[in-house]
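Everything on this sheet refers to the single structure shown next.
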């Protein structure tokens, strides 16, 4: 979840209030879903808990599923922006964004009074994603869309067509680092005793996977 109490550079009061409302909706929905299950909570209940109308919820989030995918969608935008930078090799671009995401996650865990309780909440959130068919379908659709958009970005960089094999396979390969990090987080949280230890372990896992990709892509010349 993103911290929303500090005004962002260049952000006006209206933009800040909209960002805070969006964050409140996402945080409230996630807490309710964790407590009662995704299918056990209606959007109208989330709206009531936040003191807004159901229409307001859908002004910020197009679907119920997107209420819990807010951070994932933000990360997807950051990945596309990084891949568009011609100065960054694709693997390096994705690794950089994932490092930022990991830092934000561990900073949030570190800010909690009990690290193990915070880690347990993250694992329950992961279990919610895995156990809810509509959330899995939403994730799959997001991944397909992101891969297609990344292929388009990489094709423009290389002067190719987005449907050419090279940008398609490169996009699929580098974006596979995202679930590598997510699964590493799930696994490492079982034994991690501090945010720093968690960061080091997950970073090492992602780096190992990135090394495999870099070696493979390098052999193409």
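The values are calculated or read from the model by the stated rules, or taken from the named source; none is laboratory data. Quantities reported herein were computed from a predicted structural model and do not represent experimental measurements. Don't worry about glycine lacking a Cβ; one is built from the backbone with ideal geometry, like all the others, and counts go over all protein chains shown.
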| query | Can you find even one residue in region 38-55 that is surrounded by 19 or more Cβ atoms within 10 Å (Cβ to Cβ), under 19 Å from residue 130 (Cα atoms) and modelled with pLDDT of 95 or more? | reply | yes
| All positions within region 57-67 that are in a helix (DSSP H, G or I) and in contact (Cβ under 8 Å) with a residue 24 or more places away in the chain | 57, 60, 65, 66, 67
